[in-house]
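Down below is the structure, laid out as structure tokens.
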Amino acid sequence: MTTTEKRFGGIHESLNGSRTADVTGFRTEYRFGFTYLDEPAYQWLRALYLRHIRGPHYLINPLRRNLLSPQCSTGYIHGVQDYGWQAVGPGYDYVLDYPAVAALTGNRTFRITNVSSAPGYLILDGSKKFVPVLAGEPVTFSAYLKADAARSVNMYLEKIDKFGAPITGGPIQTVNVTTDWQRFTLTYAPDAGTAALRPGFAFTAAQTYNVAFAAPQVEYSAAATPWDLGGGSTKVLLDQIASTSPQFPLSDVTVTLWEA
């Protein structure tokens, strides 16, 4: 597998040659090479490419543990439905703070300042993508939180069916945030009717919060492991498929996928 991570945005150059970068997002391109595929295996790849099996599809990268997007894991926040943290209702700003106990310590994160009309929500990766799951396989959601005074927020995993619709009955817990960075975790083993999970936080009261969030992670595990950058689960589209036949009836196949 060859992986290419692409940055989107623009590089601006002034008259004196100095440069600034505007980053609007990141997307990943994947390329797979399969050798000596028999015809039944090759037909599965063609079925995906020809949309006999409709996409987009979820690609689980075994080299990455954190199933959130890179934007979400590194603290991109906005009010629209896109990769990152989607704030639905709360106000937010950025602070120059980060939990030192997290691997790859960053230099800033965001905080929720207030909720003027409750409830408010923080939805990880918005509804741009979910976390695909298998029945009975535990999933652990974790994040570091810190506040300027004792606060309480709700941490949840919303269940999603195979049609992308929410299902009631997902796990939720109240976390008591202190003035020190603390990692909170929520583990859940999905039932047979759950195809995916959507992690988030809920703010049930209209008030000032000043709660900072950092280093979120969702992983296939019964317990939280050390934090990692995101990219373990990606929604992809098949761009092209190419093949050669080194020996009849076998094929060498190259498949290129783009992140949706």
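Please report, in whole Å³, the volume per residue of the convex hull around the C-alpha atoms of the chain.
Details: hull volume 42.3 nm³, N = 260.
Per-residue hull volume (Cα only) is 163 Å³.
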- Item | Value of relative contact order over the chain, rounded to a whole percent, pairs C-alpha under 8 Å and six or more apart | 28
- Could you give me the ³J(HN,Hα) list for region 142-158, computed from phi with Karplus coefficients 6.51, -1.76, 1.60 and θ = phi - 60°, whole Hz, x at Gly and Pro? 9, 6, 9, 10, 7, 10, 7, 7, 4, 9, 10, 9, 9, 10, 9, 10, 7
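Normalising by the residue count of region 21-119, find the relative contact order in percent from Cα pairs under 8 Å and 6+ residues apart.
Values: 78 pairs, mean separation 16.3, N = 99.
16 percent.
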- Per residue, what accessible area does the chain have, given a 1.4 Å probe and all protein chains present, in Å²? 51
- Task: Determine the dipole magnitude for region 157-260: charges of +1 sit on the beta-carbon of Lys and Arg, -1 on that of Asp and Glu, nothing else is charged, the reference point is the Cα centre, and the result goes in debye to the nearest 20.
- Result: 240
- Message: For the chain, take the longest principal axis of its alpha carbons; what is the angle in degrees between that and the long axis of helix 39-49, to the nearest 10 within 0 to 90?
- Response: 50
- Where the centroid of each part is defined by its Cα atoms, how far is region 134-194 from region 212-234 in Å? 12
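If I compute solvent accessible area with a 1.4 Å probe over the protein chains, what percent of it on region 131-260 is carbon and sulfur?
Working: 3020 of 5490 Å².
Accessible surface attributable to carbon and sulfur in region 131-260 totals 55 percent.
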- Which residues' amide hydrogens lie under 5 Å from the amide hydrogen of D125, considering only partners 5 or more residues apart or on another chain, with H built in the peptide plane? G84, W85, Q86
- Task: List, in order, the whole-Hz ³J(HN,Hα) value for each residue of region 67-72 obtained from phi through the Karplus relation with A = 6.51, B = -1.76, C = 1.60 and θ = phi - 60°; use x for Gly and Pro.
- Result: 7, 6, 6, x, 4, 5
- Amide H contacts under 5 Å for N114, restricted to residues at least 5 apart in sequence or on another chain and with H modeled in the peptide plane, are G91, Y209, N210
- Per-residue ellipticity at 222 nm for the chain, helices alone: DSSP H runs ≥ 4 residues times -39500 (n - 2.57), over residue total, nearest 500 deg cm²/dmol? -1500 deg cm²/dmol
- Message: I need the phi-derived Karplus couplings for region 88-99: 6.51 cos²θ - 1.76 cosθ + 1.60, θ = phi - 60°, integer Hz, Gly and Pro marked x.
- Response: 10, x, x, x, 8, 8, 10, 10, 8, 8, 6, x
- Query: On full extension of the chain, what length is gained from I167 through A21, given 0.36 nm per residue of separation minus the C-alpha to C-alpha distance?
  - Reply: 48.4 nm
- If you rank D239, D125 by how much accessible surface each has, with a 1.4 Å probe, what is the order from largest down? D239, D125
- Message: Within region 1-81, what whole-number % of the accessible surface is contributed by carbon and sulfur, with the 1.4 Å probe and all protein chains included in the calculation?
- Response: 53
- Of the options T28, A41, V101, report the single residue whose Cα projects farthest towards the positive end of the charge dipole of region 1-148 (beta-carbon charges: Lys, Arg +1; Asp, Glu -1). A41
- Item | Paramagnetic reach from E5 in region 135-161 [backbone N under 20 Å; point 7 Å along Cα→Cβ] | 142-144
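Of all beta bridges DSSP finds with both residues in region 1-100, what is the antiparallel percent, to the nearest 5? Intermediate values should be presented prior to the final figure.
On the way: 12 of 14 bridges.
Looking only at bridges with both residues in region 1-100, the antiparallel portion is about 85 percent.
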- Query: Share of antiparallel DSSP beta bridges in the chain, in percent to the nearest 5?
  - Reply: 95
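The values are calculated or read from the model by the stated rules, or taken from the named source; none is laboratory data. What you see is a predicted model, and the numbers here were worked out from it, not measured in a lab. Glycine gets a Cβ as well: all are built from the backbone with ideal geometry, and neighbour counts include every protein chain shown. The protein model used for the area step is the full one, side chains on, heavy atoms only, and it has no ligands, DNA or RNA in it. Shrake-Rupley method; radii C 1.70, N 1.55, O 1.52, S 1.80 Å.
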